[in-house]
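Below is one structure, written out as structure tokens; comments come after it.
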Amino acid sequence: MTAKKKAAAKKASTKKASAKKAAAPAKVVRAADGSYPETRILSANFGVKDSWTLPVAKKNGAYKSLEKAIKTMTPAEVIDEVKTSRVRGRGGAGFPTGVKWGFVPTDTDKAKYLVLNADESEPGTFKDRFLMELDPHLVLEGCLLCAYATGLDVIYIYVRGEYPLSIARLEGAIEEAREAGLLGKDILGKKGFNVEAHVHPGAGAYICGEETGMLESLEGKRGHPRIKPPFPAVEGAFGCPTVINNVETLAHVPSIIEHGGAWFGDLGIAPDPDNPRAMGSAGTKLMGLSGDIKTPGCWEFEFGITVRELIEQYGGGALDGRTIKAVIPGGLSMPVLTADELDVPMGFDALVKVGSGLGTATAIVMDDACDMVEACENIAHFFADESCGQCTPCREGCHWMEKIFTRIKAGDGTPADLDLLEHLFVNIEGRTICALADAAVWPLRSILRKFRHEFLAKMPGHADPHAADAKASDAAAPVGAK
Amino acid sequence: MSTANAAAGQSADRGTAQPPTPVSFPPKEIKKQCDGIVTRYPTRMAACLPVLHVAQKHYGGWISPEVEAGVAEYLGVSDSHIRGLLTFYAMFNSKPSGRHEVWVCRTLTCWLRGAVQLRSTALEKAGVEACGVESPDGKFLVKNMECLGLCEEAPAVFIDGQPHVNVTPEKLSELLDACE
Amino acid sequence: MADVKTVFINGVEYPFDAGQTVIQVAHENGLDVPHYCYHPGLSIAGNCRICMVEVEGDAKPQVSCKLECAPPPWVSEPLRIQTESELAKSARAGTMEMLLVNHPLDCPICDQAGECHLQDYSYQLGQGQASSSTAKTKLPKNVAFGEKIVYDAERCIKCTLCVRFCEEVTETNELNLGGRGDEEIVIMSSKGEFETDYSMNIIDICPVGALTSRDFRFKSRLWFMDFADSVCTGCARGCNVITGGRNGSMMRMEPRHNADVNQWWMCDQGRLDYRYVNTPTRIATPRIKTADGVWAAATVDDAILAAAAALKAAGGNVLVDGGCTLEEMHLAQQLAAALGGKATYAAATGEADGFLRVAEQGANAAGAELLGLARATKAGAAAVLVVERDANVPQALRDGADAVVVFATDADHVPASAQVVFPFGSSAERDGLFVNTDGRVQVAQRNPGIGPDNLTPPYELLEEILGELDAGYDWHGRDGIVAAIQAQPAFAKISLPAAQATAEVGATS
Ligand SMILES: Cc1cc2nc3c(=O)[nH]c(=O)nc-3n(C[C@H](O)[C@H](O)[C@H](O)COP(=O)(O)O)c2cc1C
Ligand code: SF4
Ligand code: SF4
Ligand code: SF4
Ligand code: FES
Ligand code: FES
């Protein structure tokens, strides 16, 4: 960049930073009629014409927070702000982001990397795609803030190969940013703040969304998850300290820096002071709906909306003439909720409390036309198909489960098969290198337990040996956050 | 995902078969692009996935053993490493993939919204019994894919890398009929 | 951080070294923790999940091959591990069941039967539900991995030991994984042949019968075979091996762990070299040349007398194979002295491969040098000739010696000049000491299942001949021979293991 251009850029951006300070969105309240409003922070620019181009994005405030951080904050202050915000990872595991950044060593000679998890292969999940397609500069700004805070050198954005438009928009944004001095050497005139960004396309493997599988894939290998420790913050990509965050997680950071961590932390659901594991659900969240409902889609809410409100107020409710039977609240990998269990907030701790989990907060809805045995077969097939093949219990067990569901569907099952499934759940869950195997067990076990009658209905002539205690056995065990 | 062909390229007589002659890779049309990709990473191996994407596109939708060997030489890895990738990642083809590659999503949301009928339609049009097999006339390769991330507009189909959403069997028929 | 230096396993406290894992400490202390994907010489994969143990206070079982004995920094108490608790056992049984669900249950026709860890542990753990009606996944069988190895993907449990071996030990990367999920298999580079000459080690480390040696396949059931600890005499590395034989034939040679010599490995050439032992032209009995020029079978006693008589007449030098034992070489020296000549040894020079194989082919060349034998570099007269292999003592040397008494393994190696011929055992058939390229003394043990029956050990024959020569030689027996060698100044700093020693190695110099 020429000196002249740089000066111009500097002038333009300082002006904007001081001129336009958007009011921070305030806490939402349900309206008198019980309706739960959207809060559009991440999605503020969705729908704006050409929102993915730098000029439009800048007009809407892009890179203001980066400039604020670079000019007025130390990296440690940025991390503190993110800690204060209590923002938790949006990739499914809900780990506090500020804490994660704090693990990155500051006294290392090695290169440091950010690998942005844009693999989004969790079934039923499409929220990151909205961000990447409609506001790639917001994503990039989040990445740069992370780079500044943790002192890293290179950003790899690992986008699933099935997202061609996301890849194109991110590559376009990187190009624009590089030309505008937002990437490269001495970013925004800050001496020594040098960061490069590259899009790395995946090639069709769910397991590459698992952070260490993703690292292997980034390194050009088969996506076999690694055994932890060592954790990526210490030894990640190419053996160097690496931050791994989800797209949506980092897209939150610009507004956290703009309005302050305390503001973000006040939004959503507060932590439970009596339960250290219930770290609360701060801020807003992109939530989605798909499956058997009238109007599937993606919206942003402050945490607090219940599953039922989401389905009824935004999803348009069940299809005509149908009733909702079951909902997996966040992707495919979480225990199912029955129609009676939907008055629970879409939040990290609240869903764990009822034996499920927030996951990716994009719910899949099944109505009364859905055969739960066949649904299980479909789900088990997914995990069998996507198991990387490393661990014996996952590689063999997922396929075994699928075969049993197929057998039951065909009318060849017996109640002993249900016991066998329970036996397999025990020997698969918690016995493997990564959580894919757990993710396979959770929806299947909960469906089997909550819809046992549908399984038995396919076994005419067989009495349920556990009829008496079937009711007593509760649903799937609570899902512990990682 | 189509691991159905995982063992492709592995035959009992592999030990005595002639190794493929590697193509000279990268050919000039994609040389600049591939060389550029390599510079992004601290290791050459890391360029495998993006380079394979470029190569697959250039060579008509699949990676032959000769291309596999060429890419392996270019990136300094063994060709079995490349084959390991081709058979792990669902988007790569190590067998001819037809003039048109059709992905039908099979995962839960699309399944709820009619993916099974879409798959039947696609297979019927292609004139094959199962996914992952090139049609006899070399026109189509239908692949059963896991969630394509378009669930809010399910069911979803990709034809030659282009997404199509809210697809009905009728619409899919039209789309496939329009393919040359 | 608390400095915890011990770990409790099944209630017993054991010390550990920094970085040691639970399985290492368990194995060191004789506790049996099953393992498939763990190999002490390779990186940890932790994928088979058969080595799970219970960590007290943890509801989740852990893989002991990856679990460090050192507790996490915030814990100041030693870890308490249970390898045989309900949780540990049921976790392992669960994994076993998963392994068997797709594993062909064809042990009766599997080559690995008898040394298959899957078979062992499945007996221990019971087969559970795996034998249920669930159809098994079809995978490629009978795949050639080069010329020497055959791969069966249905038997393979994807432990990746073979892949890691080619990555980490030989760094030749011929093997890789292909496919995904339960269709994962091991694939080979399209070159179709191993670059490394160490490929057959993967057969040994494969915990099941997925990799078999084309050479050994279907030759013999293990339980019919005899085994003995020995050393390879293919080169002067002297890799520690186990010989396997049956009914006189040598069936195979496998590496035996020795951290200082060959770790867990041996080269393919050395491994396959044993085939000379089974040559159809093996000499099984002593022979004496008759007046009409044929070598007629003779008793040992007659041959000894004939040899002594012939030598008294001829006198002269003794030329031995560089693959002879220290004992044999020592007696060759005594014999040469009695005959008024010199003892020399012959050995070939090959090429070192940068890993185990060294250029020196005389397995005991270092021993010969210590004893003071000179190396025969060109053909020269010798009354006595000892030939184990053609490689060390080629035809030019054999013919040039004009020897009257010949010890040989193969009738084709007996020169026309021989008056008396003694059968000489291969290295698998002789007890004795070797000094390897690093000066390490190693013990080879005779395998009773290999070679002709009632083969008299060469050192006995040599002593008997010496006795007949009236040179004042006293019969020592093997212990005495070793003691005599030990008494030499060159061996002052070396301690030779007692003749009966069954230990794998002696001391280094
Ligand atoms: C099987 C599996 C698949 C996953 N897929 C994704 C994914 O597609 N995208 C994602 O962001 N995280 C995914 N995760 C979670 C990541 O491992 C990791 O926790 C996350 O990227 C961390 O980022 P966060 O802290 O910002 O959420 C997956 C985890 C597992 C076990
Ligand atoms: S749990 Fe499954 S996906 Fe995860 S590492 Fe093991 S085999 Fe691979
Ligand atoms: S062939 Fe043997 S060593 Fe190799 S992965 Fe399979 S079981 Fe393991
Ligand atoms: S390296 Fe030498 S001693 Fe070792 S196996 Fe090979 S030939 Fe035998
Ligand atoms: S389930 Fe088909 S696109 Fe997600
Ligand atoms: S031996 Fe520990 S997991 Fe395989």
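Of all residues in segment C:419-470, those being open to solvent by 20 Å² or more (accessible area, probe 1.4 Å), of a type in the set (Gly, Ala, Ser) and modelled with pLDDT of 95 or more number 0. Count of segment B:154-177 residues, restricted to those that are over 25 Å from B:His53 (Cβ atoms) and loosely packed, with under 13 Cβ neighbours inside 10 Å, is 3.
None of B:Gly127, B:Gly76 is more than 30 Å from A:Pro443 (Cα to Cα) and either in contact with a Gly (Cβ under 7 Å, 6 or more places away or on another chain) or in contact (Cβ under 8 Å) with a residue 24 or more places away in the chain (or both) except B:Gly76.
When you check A:Gly223 against the structure, is it in contact with an Asp or Glu (Cβ under 7 Å, 6 or more places away or on another chain) and either at pLDDT 95 or above or assigned to a helix (DSSP H, G or I) (or both), yes or no?
On the way: in contact with an Asp or Glu (Cβ under 7 Å, 6 or more places away or on another chain): yes; either at pLDDT 95 or above or assigned to a helix (DSSP H, G or I) (or both): yes.
Yes: the conditions hold for A:Gly223.
Under the condition of being open to solvent by less than 10 Å² (accessible area, probe 1.4 Å) and at the interface with another protein chain (Cβ under 10 Å from one of its Cβ atoms), the residues counted in segment A:122-159 number 8. Of the helices (runs of 4 or more DSSP H) lying entirely inside segment B:49-154, those containing at least 2 residues that are hydroxyl-bearing (Ser, Thr, Tyr) are B:115-126.
Would you mention how many residues in segment C:35-59 are within 16 Å of ligand 3 (Cβ to nearest atom) and either within 12 Å of another protein chain (Cβ to nearest Cβ) or buried (at least 22 other Cβ atoms within 10 Å of the Cβ) (or both)? Spell out how you get there, then give the answer.
Within segment C:35-59, the subset within 16 Å of ligand 3 (Cβ to nearest atom) is C:35-51.
When the remaining residues are screened for being either within 12 Å of another protein chain (Cβ to nearest Cβ) or buried (at least 22 other Cβ atoms within 10 Å of the Cβ) (or both), the result is C:36-38, C:43-51.
Residues flagged as within 16 Å of ligand 3 (Cβ to nearest atom) and either within 12 Å of another protein chain (Cβ to nearest Cβ) or buried (at least 22 other Cβ atoms within 10 Å of the Cβ) (or both) within segment C:35-59 amount to 12.
Pairs are defined by a Cβ separation below 7 Å, a sequence spacing of at least 6 or placement on different chains, a first member in segment C:408-436 that is assigned to a strand (DSSP E or B), and a second member that is of a type in the set (D, E, K, R); the pairs so defined are C:Asp410/C:Arg282; C:Val421/C:Arg287; C:Gly432/C:Glu327; C:Gly432/C:Glu328; C:Leu433/C:Glu327. In segment A:319-437, counting only helices (runs of 4 or more DSSP H) that sit wholly within it, the ones holding 1 or more residues that are away from chain C (no Cβ under 14 Å) and in contact with a strand residue (DSSP E or B) (Cβ under 9 Å, 6 or more places away or on another chain) span A:348-353, A:372-386.
Evaluating A:Ala262 against the criteria (1) surrounded by 18 or more Cβ atoms within 10 Å (Cβ to Cβ); (2) in contact with a Ser or Thr (Cβ under 8 Å, 6 or more places away or on another chain); (3) more than 11 Å from every other protein chain (Cβ to nearest Cβ) leaves one unmet condition, (1). Residue pairs whose Cβ atoms lie under 6 Å apart, sitting 6 or more positions apart in sequence or on different chains, and linking a residue in segment A:388-404 that is at pLDDT 95 or above to a partner that is aromatic (Phe, Trp, Tyr), are A:Cys398/A:Phe383.
Of all residue pairs spaced 6 or more apart or on separate chains, those with beta-carbon atoms under 6 Å, a first member in segment B:16-37 that is at the interface with another protein chain (Cβ under 10 Å from one of its Cβ atoms) and a second member that is polar (S, T, N, Q) and in a loop (DSSP other than H, G, I, E, B) are B:Pro19/C:Ser190; B:Pro20/C:Ser190.
Is it the case, given these coordinates, that C:Pro448 is in contact with a Lys or Arg (Cβ under 7 Å, 6 or more places away or on another chain), part of a loop (DSSP other than H, G, I, E, B) and in contact (Cβ under 8 Å) with a residue 12 or more places away in the chain?
Working: in contact with a Lys or Arg (Cβ under 7 Å, 6 or more places away or on another chain): no; part of a loop (DSSP other than H, G, I, E, B): yes; in contact (Cβ under 8 Å) with a residue 12 or more places away in the chain: yes.
Spelling it out, it is not the case that C:Pro448 is in contact with a Lys or Arg (Cβ under 7 Å, 6 or more places away or on another chain), part of a loop (DSSP other than H, G, I, E, B) and in contact (Cβ under 8 Å) with a residue 12 or more places away in the chain.
The residues of segment A:189-213 that are outside any helix (DSSP H, G or I) and either within 16 Å of ligand 4 (Cβ to nearest atom) or closer than 25 Å to A:Ala168 by Cβ (or both), listed by number, are A:Val195, A:Glu196, A:Ala197, A:His198, A:Val199, A:His200, A:Pro201, A:Gly202, A:Ala203, A:Gly204, A:Ala205. Scanning segment C:303-349 for residues that are in a loop (DSSP other than H, G, I, E, B) and open to solvent by 30 Å² or more (accessible area, probe 1.4 Å) gives no hits.
Take the residues of segment A:239-251 that are assigned to a helix (DSSP H, G or I) and within 18 Å of A:Thr125 (Cα to Cα): which is farthest from ligand 5 (Cβ to nearest atom)? Even if it seems obvious, please write down each step before you answer.
Within segment A:239-251, the first condition is being assigned to a helix (DSSP H, G or I), and the residues that meet it are A:239, A:247-251.
Going one step further and asking which of them are within 18 Å of A:Thr125 (Cα to Cα), we end up with A:247-251.
Values: A:Val247: 17, A:Glu248: 17, A:Thr249: 21, A:Leu250: 23, A:Ala251: 21 Å.
Applying the filter and picking the extreme gives A:Leu250.
With more than 16 Å from ligand 1 (Cβ to nearest atom), assigned to a loop (DSSP other than H, G, I, E, B) and touching an Asp or Glu at 6+ places or on another chain (Cβ under 6 Å) as the only criterion, which of C:Val358, C:Val386, C:Val393 stands out? Talk me through it step by step, then tell me what you get.
Values: C:Val358 fails: touching an Asp or Glu at 6+ places or on another chain (Cβ under 6 Å); C:Val386 fails: assigned to a loop (DSSP other than H, G, I, E, B).
Selected residue: C:Val393, the only one of C:Val358, C:Val386, C:Val393 that is more than 16 Å from ligand 1 (Cβ to nearest atom), assigned to a loop (DSSP other than H, G, I, E, B) and touching an Asp or Glu at 6+ places or on another chain (Cβ under 6 Å).
Being open to solvent by less than 20 Å² (accessible area, probe 1.4 Å) and either more than 13 Å from chain A (Cβ to nearest Cβ) or touching a Gly at 6+ places or on another chain (Cβ under 7 Å) (or both) is the filter; apply it to segment B:105-124 and report the residue that is nearest to C:Gly181 (Cα to Cα). Among them, the one singled out is B:Leu108.
Going by what's in this entry, would A:Ala76 be described as exposed (fewer than 15 other Cβ atoms within 10 Å of the Cβ) and not in a loop (DSSP other than H, G, I, E, B)? Can you show your working first?
Details: exposed (fewer than 15 other Cβ atoms within 10 Å of the Cβ): yes; not in a loop (DSSP other than H, G, I, E, B): yes.
Judged against the criteria, A:Ala76 is a match.
Cβ-Cβ distances below 6 Å connect the following pairs, each with a first residue in segment C:254-274 that is more than 14 Å from chain B (Cβ to nearest Cβ), a second residue that is away from ligand 1 (no atom under 16 Å from the Cβ) and assigned to a helix (DSSP H, G or I), and a separation of six or more residues or different chains: C:Glu254/C:Asp204; C:Trp265/C:Asn201. Checked against the criterion of being hydroxyl-bearing (Ser, Thr, Tyr), under 22 Å from A:Asn45 (Cβ atoms) and within 14 Å of chain B (Cβ to nearest Cβ), segment A:60-76 contains not a single residue that satisfies it.
Which residue, of B:Arg83, B:Arg99, is basic (Lys, Arg) and within 29 Å of B:Asp177 (Cβ to Cβ)?
Numbers: B:Arg83 fails: within 29 Å of B:Asp177 (Cβ to Cβ).
Of the residues listed, the single one that is basic (Lys, Arg) and within 29 Å of B:Asp177 (Cβ to Cβ) is B:Arg99.
The values are calculated or read from the model by the stated rules, or taken from the named source; none is laboratory data. Predicted model, so just to flag it, every value in this text is computed and none were measured. For neighbour counting, all protein chains shown are included, and Cβ atoms are generated from backbone atoms with ideal geometry for every residue, glycine included. We work out accessible area using only protein heavy atoms, side chains counted, and drop any ligands, DNA or RNA first. Shrake-Rupley method; radii C 1.70, N 1.55, O 1.52, S 1.80 Å.
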